[in-house]
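A quick write-up on the structure given underneath.
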Amino acid sequence: TAMSDSEHPMPGAPVFPTAVSKKGNGSALICTKDPQGFIVTLDVHRWEDHIIKRHPEMAAHLERVKSTIENPQMIQAGEGSTTTAYYYKLSGMAEKKSDDLYVLVVVGRNEEMKTGFVKTAHLLKNVKSDESRIVWLKNQS
């Protein structure tokens, strides 16, 4: 029997293993790769029942969350945690850079598996920069 087009992955499209959080249930809204090669997933349950409830201003910014994971300006290690990473990127919502807000995406990461899951995401006015915790920095040139 022939398979329908929806059953075939796009030719040449990367096939990523799905990373599901231990607490996660539901389908993935985002499954994408960060600059360090981690496959990061955000599931529907986490988005709707945690992020949107606690940070309703994020409801219109799912695409910015994905963009922050894929192309952050900086990734910092969590304070005292090797399994949590903080991804930062200017949102681009303000005309002047000085008025802009950062999108912060907090990701739980598994170093061995090179997978991660979004714990939370929200907007920030300033980044708490600690050079000793920076694990990845976008080339400014």
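The values are calculated or read from the model by the stated rules, or taken from the named source; none is laboratory data. This one's a predicted model, so the numbers in the text were calculated from it and none came from an experiment. Counting neighbours? That spans all protein chains shown, and the Cβs are built from the backbone with ideal geometry, glycine included. These accessible areas exclude ligands, DNA and RNA; they are computed on the full protein's heavy atoms, side chains included. Shrake-Rupley method; radii C 1.70, N 1.55, O 1.52, S 1.80 Å.
Expressed as a whole percent, the accessible area of the stretch 27-141 that falls on carbon and sulfur atoms is 48 (1.4 Å probe). For Lys114 and Thr84, the difference between the fully extended length at 0.36 nm per residue and the C-alpha to C-alpha distance is 9.5 nm.
Measuring between alpha carbons in the structure, the pairs from Lys53/Lys138; Lys66/Lys114; Lys33/Lys96; Lys33/Lys89 lying more than 27 angstrom apart are Lys53/Lys138; Lys33/Lys96. Approximating the spin labels as points 7 Å out from Cα along Cα→Cβ, the Gln36-to-Lys125 distance works out to 2.9 nm. Which whole-number percent is the relative contact order of the stretch 31-141 (Cα, under 8 Å, 6+ apart)? With pairs under 8 Å counted, the relative contact order is 28 percent. Protein heavy-atom accessible surface, 1.4 Å probe, per residue over the stretch 74-141: 61 Å².
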